[in-house]
Amino acid sequence: MTVIPVKRLDAAKSRLRGAVPVERHPELALAMVCDTVAAVLAATTVAGLIVVTSDPVVAEAVRGLGAEVAPDPGAGLNAALRFGADEVAGPAAHRAVLTGDLPALRPEQLDAALRAVHGRGFVPDAAGTGTVLLAVPPAQPLDPRFGPHSAAAHRASGATALTGDWPGLRQDVDTAADLHAVLGLGAGERTGALLRDLGLSRACAPAGCAG
Ligand SMILES: Nc1nc2c(ncn2[C@@H]2O[C@H](COP(=O)(O)OP(=O)(O)OP(=O)(O)O)[C@@H](O)[C@H]2O)c(=O)[nH]1
Ligand SMILES: C=C(OP(=O)(O)O)C(=O)O
């Protein structure tokens, strides 16, 4: 079972503000979530996806893609992840949590990463300091340490870093520079369409974008 936490759209991706016109910012945050969700649900190793969110627009969109929705406990990112993984999915399952800002994610890269996990493992982000995925086997608590310097925190908590060649998985989007990197990798369908609509993405023709 997989879990993705998603903040309310009106507060989402604050470091990315200014990359697109202010009135399109929530649309960009939602497009990135939907591309991440669609890629996760297309992965053959994924049995299901729980999105933990209190945002009704996010909830409706991800239900439409086939995800389940669980309410955000309202105590921050790691509490949302513990709730989704340890209580909603439950400790009997293999669980993997991912951030919701991976618009260049390819299902086959997620499959490869999930097959490479043995025990409690994590995938550092492209910068090497953050975390894009944390997975645990049955009966083990998730014990998430997301936030600033989470790669070091996950390593210190005993999780194994997975370092495969999965550029779409590793490329989270926190800043305008990250968005540019996503265009180089091939943005997902919804993020690619929005950026083309804004004239930001002539490099990403429909056929070149991940579906
Ligand atoms: N459910 C839930 N998800 C969260 C919360 N905080 C962050 N997230 C999600 O966790 C993932 C990684 O978060 P960040 O990269 O820090 O994203 P963000 O908080 O929207 O970005 P900034 O405002 O720039 O810090 C994204 O999918 C966020 O939507 C929270 O309190 N609850
Ligand atoms: C929450 C995290 O994401 P970011 O650093 O992208 O905010 C993290 O990497 O743990």
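The values are calculated or read from the model by the stated rules, or taken from the named source; none is laboratory data. Note that the structure is predicted; figures quoted are calculated from it, not measured. A quick note on method: Cβ atoms are made from the backbone with ideal geometry, for glycine too, and the neighbour counts reach across all protein chains shown. These accessible areas exclude ligands, DNA and RNA; they are computed on the full protein's heavy atoms, side chains included. Shrake-Rupley method; radii C 1.70, N 1.55, O 1.52, S 1.80 Å.
State yes or no: is residue 33 over 14 Å from residue 3 (Cβ atoms), at pLDDT 95 or above and either among the small types (Gly, Ala, Ser) or part of a helix (DSSP H, G or I) (or both)? Taking the combined requirement at face value, the residue does not satisfy it.
Counting only helices (runs of 4 or more DSSP H) that fall entirely inside the range 140-200 and contain at least 3 residues that are under 18 Å from residue 34 (Cα atoms), the qualifying elements are 167-170, 176-185, 189-197. Just one residue in the set 127, 113, 156 is at pLDDT 95 or above, open to solvent by 40 Å² or more (accessible area, probe 1.4 Å), under 16 Å from the mean Cα position of the chain (by Cα) and not hydroxyl-bearing (Ser, Thr, Tyr); that residue is 127. Looking only at residues in the range 143-153 that are open to solvent by 50 Å² or more (accessible area, probe 1.4 Å) and within 13 Å of ligand 2 (Cβ to nearest atom), the one that is nearest to residue 82 (Cα to Cα) is 145.
Residues that are farther than 19 Å from residue 12 by Cβ, open to solvent by 50 Å² or more (accessible area, probe 1.4 Å) and touching an Asp or Glu at 6+ places or on another chain (Cβ under 7 Å) within the range 159-201 comprise just one, 189.
Within the range 203-210, can one find any residue that is surrounded by 15 or more Cβ atoms within 10 Å (Cβ to Cβ), within 20 Å of residue 41 (Cβ to Cβ) and hydrophobic (A, V, I, L, M, F, W, C)? Within the range 203-210, one or more residues are surrounded by 15 or more Cβ atoms within 10 Å (Cβ to Cβ), within 20 Å of residue 41 (Cβ to Cβ) and hydrophobic (A, V, I, L, M, F, W, C). What is the residue count in the range 2-48 for residues that are of a type outside the set (Asp, Glu), surrounded by 24 or more Cβ atoms within 10 Å (Cβ to Cβ) and touching a strand residue (DSSP E or B) at 6+ places or on another chain (Cβ under 6 Å)? Qualifying residue count for the region: 7. In the set (1) surrounded by fewer than 22 Cβ atoms within 10 Å (Cβ to Cβ); (2) within 12 Å of ligand 1 (Cβ to nearest atom), the condition left unmet by residue 102 is number (1).
Looking across the range 130-142 at every residue that is under 18 Å from residue 113 (Cα atoms) and more than 8 Å from ligand 2 (Cβ to nearest atom), the one that is most open to solvent (accessible area, probe 1.4 Å) is identified as 138.
Looking across the range 105-134, just one residue is assigned to a strand (DSSP E or B) and more than 16 Å from ligand 1 (Cβ to nearest atom), and that is 121.
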